[in-house]
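One structure is given below, encoded as structure tokens.
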Number of protein chains: 2
Amino acid sequence: MPWFEDYQVGQVRRFGRYEVTAQGVVDFARRYDPQPFHLSEEGGRAHPYFGGLTASGWHVTAMAMAMLVAEMPEGGDPAALGASGIDELRWLKPVKPGDLLSLETEVIDARLSEGRPGLGRLQVRTTVLRQGDEPVCRFTALVMVRTRPS
Amino acid sequence: MPWFEDYQVGQVRRFGRYEVTAQGVVDFARRYDPQPFHLSEEGGRAHPYFGGLTASGWHVTAMAMAMLVAEMPEGGDPAALGASGIDELRWLKPVKPGDLLSLETEVIDARLSEGRPGLGRLQVRTTVLRQGDEPVCRFTALVMVRTRPS
């Protein structure tokens with residue numbers, strides 16, 4: 001398992017597979033984002049840029065998170081302490097039922113916490129890809145990871 | 001209903017009410033972020049800063065979205081076209097079952113789209129508050145709203 005010391009600036013990984021379904025889009029929207037373009041095909045057609053049922057942006061980031069966690073070992077990654085924030089989140093294209101999502105991550109910064117011993121901070125640029133190559137969402141996660149136990 | 005022209009830089013609003021429950025935290029985590037500290041009290045206690053079951057950060061932003069949409073009229077706000085992105089999202093404090101969330105929004109920028117006629121772009125600084133006054137999450141939403149139909 002990787003600890004903070006195992007991450008290097010410039011590391012790029014591609015992984016993950018998440019199929020977007022109409023049921024998943026509507027289920028998420030009903031609970032958290034019940035706007036017409038996230039609830040039905042007709043609602044999406046009334047939107048000037050979406051052109052049909054479109055996943056909530058927060059559903060897209062949730063699906064990205066599901067792909068990130070699916071890479072961790074069963075029961076959790078002992079080094080992973082979550083994220084303190086996100087910079088420059090952009091929803092680049094409407095995500096629709098039938099899209100097959102995957103991820104590309106790149107470590108763009110890695111440094112020890114100044115205030116918290118045993119903590120490393122990574123900046124990970126994360127791109128959600130559709131059909132393996134088209135970016136549909138991008139953000140930089142401010143990730144907290146433990147240093148290797150001594 | 002407000003159109004782009006009705007928003008003014010400096011407008012501040014406080015609204016919303018969302019009670020965080022253990023069942024809601026675990027349901028979201030099982031689907032999208034199944035890390036130990038989002039799944040059980042014991043998992044949360046093993047985290048060095050969370051101290052018990054803690055909502056996924058993406059669940060916190062989803063609950064914020066639910067409060068934003070709850071302010072819109074039944075069937076949707078005809079001016080609301082969603083958001084193109086988020087800047088400077090920060091999870092400031094662990095959000096836990098029993099917390100009562102609300103929102104404060106402030107319009108910090110408002111301008112017409114240069115490329116898309118009929119579209120206005122707002123920057124809305126959004127703060128999720130706990131128990132009415134303690135900020136637990138903050139982000140700036142890049143919101144798309146229609147101009148008033150002529």
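The values are calculated or read from the model by the stated rules, or taken from the named source; none is laboratory data. Here the structure is a predicted model, which means the values were calculated and not measured. When we count neighbours, we look across all protein chains shown, and the Cβ atoms used for this are built from the backbone with ideal geometry, even at glycine. The area values use the complete protein model at the heavy-atom level, side chains included, leaving out ligands, DNA and RNA. Shrake-Rupley method; radii C 1.70, N 1.55, O 1.52, S 1.80 Å.
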> At A:Asp87, label 7 Å along Cα→Cβ: distances to the other copies, nm, ascending?
Replying inline: 1.2
> How much area per residue is accessible in chain B when the probe is 1.4 Å and only protein heavy atoms are counted (Å²)?
Replying inline: 47
>> For chain B, place one equal point scatterer on every Cα, skip the solvent, and apply the Debye formula. What is log10 of I(q)/I(0) at q = 0.17 Å⁻¹?
In response: -0.95
>> Quick check on the protein assembly as shown: what are the equivalent-ellipsoid semi-axes from the Cα gyration tensor, as sqrt(5λ), descending, whole Å?
In response: 32, 22, 19
> So which residues in segment A:82-113 end up with at least 50 square angstrom less accessible surface once the other protein chains are there, compared with the chain by itself, probe 1.4 angstrom?
Replying inline: A:Ile86, A:Arg90, A:Trp91
> Just how far, in whole angstrom, is segment B:51-83 from segment B:1-16 if you go by their alpha carbon centroids?
Replying inline: 17
>> At a probe of 1.4 Å, how much accessible area disappears from chains B and A on forming the pair, both sides counted, to the nearest 100 Å²?
In response: 3600
> Once you charge only the Cβ atoms, +1 for Lys and Arg and -1 for Asp and Glu, what is the size of the charge dipole of chain B about its Cα centre, to the nearest 20 debye?
Replying inline: 160
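Once the other residues with Cβ under 9 Å from the Cβ of B:Met144 are scored (Lys, Arg +1; Asp, Glu -1), what is the net sum?
For residues surrounding B:Met144, the net value is +3.
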>> What is the distance in Å between the Cα centroid of segment A:87-150 and that of segment B:125-145?
In response: 22
> If the label for B:Phe15 sits 7 angstrom from Cα along the Cα-to-Cβ line, what are its distances to the same label in every other copy, in nm to one decimal, shortest first?
Replying inline: 4.2
>> Relative contact order for segment B:4-146: what percent, with Cα pairs under 8 Å and sequence separation of 6 or more?
In response: 29
>> Going 7 Å from Cα along the Cα-Cβ axis for the label, what nanometre distances separate B:Leu112 from the same residue across the other copies?
In response: 5.5
>> Within segment A:4-146, what whole-number % of the accessible surface is contributed by carbon and sulfur, with the 1.4 Å probe and all protein chains included in the calculation?
In response: 48
> For segment B:95-112, what does the Karplus curve 6.51 cos²θ - 1.76 cosθ + 1.60, with θ = phi - 60°, yield as ³J(HN,Hα) per residue in whole Hz, taken in order and with x for Gly and Pro?
Replying inline: 9, 10, x, x, 5, 10, 9, 8, 10, 10, 10, 9, 6, 10, 7, 8, 8, 6
>> So, taking all protein chains as they sit and a 1.4 Å probe, how much accessible area belongs to B:Phe28, in Å² rounded to tens?
In response: 10
>> 7 Å from Cα along Cα→Cβ at both A:Gln23 and A:Glu88: what's the point-to-point distance in nm?
In response: 3.8
> So what are the ³J(HN,Hα) numbers for segment A:114-131, from phi and the Karplus equation (6.51, -1.76, 1.60; θ = phi - 60°), rounded to whole Hz, Gly and Pro as x?
Replying inline: 7, x, 10, x, x, 10, x, 10, 10, 10, 10, 6, 10, 10, 8, 10, 10, 6
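Looking only at GluC sites (Glu not before Pro) in DSSP loops with at most 12 other Cβ atoms within 10 Å, what is the longest site-free stretch of chain B?
Maximal segment without exposed cleavage sites: B:1-70.
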>> Going Cα to Cα from A:Lys96, which aspartates and glutamates come in below 14 Å? Please leave out same-chain ones fewer than 8 positions away.
In response: A:Glu19, A:Asp27, A:Glu41, A:Glu42, A:Glu134
